[in-house]
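Novice: Following this message is one structure expressed as structure tokens.
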Amino acid sequence: MDFSELVYFGAHPKIAGTLPASGGTSLYPPQEEAVKAGLFEPGTSLVVAAPTASGKTLIAEMAALDIFLKKGGKVIYLVPLRALAREKYEDFTRKYEHTGLRIAQSTGDFDRDEPWLAQAGLIITTNEKLDSLQRRRSRLLENLALVVADEVHLLGDAGRGPTLEVVLTRLRAVKRGLKVIALSATIPNATEIAHWLDARLVQSTWRPVPLKEGVFHNGAVIFNEGSVTWVEKKSGIDSVDLSVGTIGEGGQALVFVGTRKSSEALARKAGRYVAGFLSEADTDFLEKLSKDILASASEPTKLTKRLSESVKEGAAFHHAGIPYAQRKLVEDAFKSNRLKLLAATTTLAMGLNLPSRRVVIRDWWRYVPGAGISSIPAIEVKQMAGRAGRPGYDKFGEAVLVARSKRDEGQLFDKYIRGGPEEIESALASEAALRGHVLASIAGLFTRTRRDLMDFLGATFFAFQSGSNRLEGVAEDVLEFLHSEGLINFSGGAGYSATRLGHRISELYLDPLSGVIFRDALSVQKENCPSPCSICLPWPRT
């Protein structure tokens, strides 16, 4: 479908002349399916489940532009990470600032309202920041017409999922008829999420670059379609040899490891082998990049110096501990094919647009408190694998898991190659997850009575999946805790209200349990503290 045909499906006529400025003149198959499913119909929500690089973001962009051009409605674009918010902001600004659409990003302090955001037509923010703005009753939500939930499969993440779930539930309760575009990797129960959001499902397995997935062991990669690739042993380090093999053929390699320290160590070891593939132009560029990384910091740290040295050899590391300016320099150099290898922690898999010909997944396990070392979920591996294949550069992409033994080889094939991603299950029904959100609902006047609260919780994804009874039991325990600790009041017919302390804890985005610990620590008599600057914990020293 050509962009000029969008008007026949209800799009604003100016969209056809706007989208080519962002590259391309026709739609990918999943984008065409979304248009036909009602992308431009007022009040029609969509869940788009499709592989990485299949064009999901442009679907959201088209919906946002259509709403802006038709009625000037406000759009919120939700992402899970600050780094992803920055990338989206820079990308959207570059592509659409000429349209008059005012674009802003908000990822700052949780205890700050930002009234200037009211002037923006498209706000890119994290799930947690939007939750904070909701708690503060921000007026920027008054003209909201569309919310885009990127990486919506994170509903199942124990850390990020509850906030995303509550934010979407609250928005849909406050804004009846709100249009929602939820974007996700391919997941088994996308239909269930679509039903929860009263949305139409667009599901596709199409990719612009075919993906081969395989397992490496004992010198060979066995791929899912039956082919075998032998890997020359140059360094004696499996992930380095796998990377050098594809770099020697003109590709790039992205290696996923489990820790920041591992990413730095791998980049350092790989550099001596990658450097031999650099052209004179690459070497000159990377020398300048090394200096730019040092210059980006007023006082270069040891980390900055290590990164500066690493890039000279065409290999770099990437993790959340690197300052944004330096990460951006590394990302741009990798996108331009000057850096040949990037060793990264798994957070890079979450949306950042850094494809490579070969993705090597070295560390497919992690430490889980209370459970020890556990293999990571298949959906995370699929997210990493999705980075393989550069549209416009590669005819195919390769994602390779590194097995430590013959037994691992079979298990990796069964779980990650032949097996599909896990179904998404809500992570909301725990006391730790609910404490802050229940307090926020009361403090923000979203719910005033027990019935209000239970009705709200009954609209969550957890209640949709499992029924309300389990959630109500946990909620009762949370209400008892908040009341007994003086964070909420209960006045019979008037229902619940937050105390001053409860309000402040909610505004500061603290876990109420942490807030109680701080309160008790600060209430200890001054003479018991070793110095005026101390916070004394309310238990004896040992």
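Novice: Considering segment 31-47 alone, what residues qualify as being surrounded by fewer than 24 Cβ atoms within 10 Å (Cβ to Cβ) and touching a strand residue (DSSP E or B) at 6+ places or on another chain (Cβ under 8 Å)?
Specialist: E33, A37, G38, P42, G43, T44, S45
Novice: Which one is nearest to S296 (Cα to Cα), of the residues in segment 325-362 that are charged (D, E, K, R) and surrounded by fewer than 19 Cβ atoms within 10 Å (Cβ to Cβ)?
Specialist: Here the residue is K328.
Novice: In segment 499-509, is there at least one residue being in a loop (DSSP other than H, G, I, E, B), modelled with pLDDT under 90 and more than 20 Å from S132 (Cβ to Cβ)? Full working, then the answer.
Specialist: Our first condition is that a residue be in a loop (DSSP other than H, G, I, E, B); within segment 499-509, this holds for 499, 508-509.
Now drop any that are not modelled with pLDDT under 90, which leaves 508-509.
Filter once more, keeping what is more than 20 Å from S132 (Cβ to Cβ): none.
No, because not a single residue in segment 499-509 is in a loop (DSSP other than H, G, I, E, B), modelled with pLDDT under 90 and more than 20 Å from S132 (Cβ to Cβ).
Novice: Every residue in segment 206-224 that is assigned to a loop (DSSP other than H, G, I, E, B) and closer than 14 Å to A388 by Cβ, please.
Specialist: Those that are assigned to a loop (DSSP other than H, G, I, E, B) and closer than 14 Å to A388 by Cβ: R207, P208, V209, P210, N224.
Novice: Condition first: on the phi < 0 side of the Ramachandran plot, surrounded by fewer than 18 Cβ atoms within 10 Å (Cβ to Cβ) and without any contact (Cβ under 8 Å) to a residue 60 or more places away in the chain. Can you find one or more residues in segment 391-403 that meet it?
Specialist: Yes, segment 391-403 contains a residue that is on the phi < 0 side of the Ramachandran plot, surrounded by fewer than 18 Cβ atoms within 10 Å (Cβ to Cβ) and without any contact (Cβ under 8 Å) to a residue 60 or more places away in the chain.
Novice: Which members of segment 512-533 meet the condition of being assigned to a helix (DSSP H, G or I) and modelled with pLDDT of 75 or more?
Specialist: P512, L513, S514, G515, V516, I517, F518, R519, D520, A521, L522, listed by residue number.
Novice: Turning to a different aspect of this structure: In segment 225-239, which residues are of a type in the set (S, T, Y), closer than 21 Å to R418 by Cα and part of a loop (DSSP other than H, G, I, E, B)? Step through it out loud before you land on a result.
Specialist: Filtering segment 225-239 for residues of a type in the set (S, T, Y) gives 227, 229, 235, 239.
Filter once more, so that each one left must be closer than 21 Å to R418 by Cα: 227, 229.
Of everything in segment 225-239, just one residue is of a type in the set (S, T, Y), closer than 21 Å to R418 by Cα and part of a loop (DSSP other than H, G, I, E, B), namely S227.
Novice: Somewhere in segment 165-179, is a residue surrounded by 18 or more Cβ atoms within 10 Å (Cβ to Cβ), assigned by TED's automatic domain parsing to the domain that holds A63 and assigned to a strand (DSSP E or B)?
Specialist: Yes, that holds for at least one residue.
Novice: Looking at segment 39-78, which of the residues that are in contact with a Lys or Arg (Cβ under 6 Å, 6 or more places away or on another chain) and at pLDDT 95 or above is nearest to P210 (Cα to Cα)?
Specialist: Out of the qualifying residues, it is V48.
Novice: Checking the conditions here, which among A63, A50 is out of contact with any Leu (no Cβ under 7 Å at 6 or more places or on another chain) and surrounded by 21 or more Cβ atoms within 10 Å (Cβ to Cβ)?
Specialist: A50
Novice: I've got another one for you. Against the definition (more than 19 Å from the chain's Cα centre (by Cα) and not β-branched (V, I, T)), how does A281 come out, yes or no?
Specialist: Criteria met by A281.
Novice: May I pose another question? Which helices (runs of 4 or more DSSP H) does segment 46-147 wholly contain that include 3 or more residues that are within 30 Å of T25 (Cα to Cα) and touching a Cys at 6+ places or on another chain (Cβ under 7 Å)?
Specialist: By residue number, no helices (runs of 4 or more DSSP H) qualify.
Novice: Restricting segment 211-244 to residues that are of a type in the set (D, E) and touching a helix residue (DSSP H, G or I) at 6+ places or on another chain (Cβ under 7 Å), which is surrounded by the fewest Cβ atoms within 10 Å (Cβ to Cβ)?
Specialist: Looking at the filtered set, the residue picked out is E232.
Novice: Would you confirm whether or not segment 29-47 contains a residue that is more than 26 Å from A118 (Cβ to Cβ), in contact with a Pro (Cβ under 9 Å, 6 or more places away or on another chain) and not hydrophobic (A, V, I, L, M, F, W, C)?
Specialist: yes
Novice: Can you name the residue in segment 181-210 that is of a type in the set (V, I, T) and buried (at least 21 other Cβ atoms within 10 Å of the Cβ) and, of all such residues, is modelled with the lowest pLDDT?
Specialist: Among those residues, the one meeting the criterion is I187.
Novice: Of all residues in segment 306-325 being farther than 21 Å from G258 by Cβ and modelled with pLDDT under 95, which is nearest to the chain's Cα centre (by Cα)?
Specialist: Going through the qualifying residues, I end up with Y324.
Novice: Give the residue that is nearest to the chain's Cα centre (by Cα), with candidates limited to residues of segment 42-99 that are hydroxyl-bearing (S, T, Y) and within 16 Å of A120 (Cα to Cα). First the steps, then the outcome.
Specialist: Kept after step one, since they are hydroxyl-bearing (S, T, Y), are these residues of segment 42-99: 44-45, 52, 54, 57, 77, 89, 93, 96, 99.
Imposing the further condition that a residue be within 16 Å of A120 (Cα to Cα) reduces the set to 77, 89, 93, 96, 99.
Numbers: Y77: 12, Y89: 14, T93: 20, Y96: 23, T99: 27 Å.
Result: Y77.
The values are calculated or read from the model by the stated rules, or taken from the named source; none is laboratory data. Bear in mind the structure is a predicted one, so any value in this text is a computation, not a measurement. Note that we place each Cβ from the backbone using ideal geometry, even for glycine, and neighbour counts take in every protein chain shown.
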